[in-house]
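These notes concern the structure reproduced below.
The values are calculated or read from the model by the stated rules, or taken from the named source; none is laboratory data. Since the structure is predicted, the reported quantities are computational estimates derived from the model, not experimental observations. Reconstructed Cβ throughout: ideal geometry from the backbone, glycine too, with neighbour counts over all protein chains shown. Accessible surface areas use protein heavy atoms only, side chains included; no ligands, DNA or RNA. Shrake-Rupley method; radii C 1.70, N 1.55, O 1.52, S 1.80 Å.
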Amino acid sequence: SRFETCWLALMKDSHGVIIIFNPELPSHLKEIEMWYSCFVQQQPLLDSQCLLVAHHKPGSSEDTENLSLAYPLNKVKLIHSNLEEDPEDVRMEFMKYFRSIITIINENREREEMSIIS
């Protein structure tokens, strides 16, 4: 696609990837495999640096709440967002995710500083 030329710029020096999708659309379930492959595996980033968000629109069916993803996506943290019902839960999950990314960044920085010193 015409956006693929922008991907390298988007990926450069990135520390995390959030993939938001509609779990009711089978096409989205296939697409997130491609996004994961391009933006996580090829960088490479750790699975802990990726967050999958199954976004439920108001009035959407409930049976996608028990979504089970195939390997390798099943190794990645998956949260369900429903901003009408649980906006606070979603906010807390994002905060946990961002804290984990900051921890990874700090650990990498410390490792680099130690390698320069030694």
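Observations, loosely collected:
- Condition check for GLU107: free of Cβ contacts under 8 Å to residues at least 12 places away in the same chain and either over 15 Å from the mean Cα position of the chain (by Cα) or surrounded by 16 or more Cβ atoms within 10 Å (Cβ to Cβ) (or both): yes
- Any hit, region 20-38, residues being at pLDDT 90 or above, small (Gly, Ala, Ser), closer than 21 Å to SER100 by Cβ and not in a strand (DSSP E or B): no
- Scanning region 44-73 for residues being at pLDDT below 90 and surrounded by 16 or more Cβ atoms within 10 Å (Cβ to Cβ) gives a total of 2.
- All conditions in (1) farther than 21 Å from ILE104 by Cα; (2) assigned to a helix (DSSP H, G or I) hold for LEU69, with the sole exception of (2).
- Within the set PRO26, PRO44, PRO87, the sole residue that is of a type outside the set (Asp, Glu), without any contact (Cβ under 8 Å) to a residue 24 or more places away in the chain and closer than 23 Å to ALA9 by Cβ turns out to be PRO44.
- Scanning region 12-30 for residues that are open to solvent by 80 Å² or more (accessible area, probe 1.4 Å) and on the phi < 0 side of the Ramachandran plot gives LYS12, HIS15, ILE20, GLU24, PRO26, LYS30.
- Residues located in region 76-96, provided they are part of a helix (DSSP H, G or I), open to solvent by 100 Å² or more (accessible area, probe 1.4 Å) and at pLDDT below 95: ARG91
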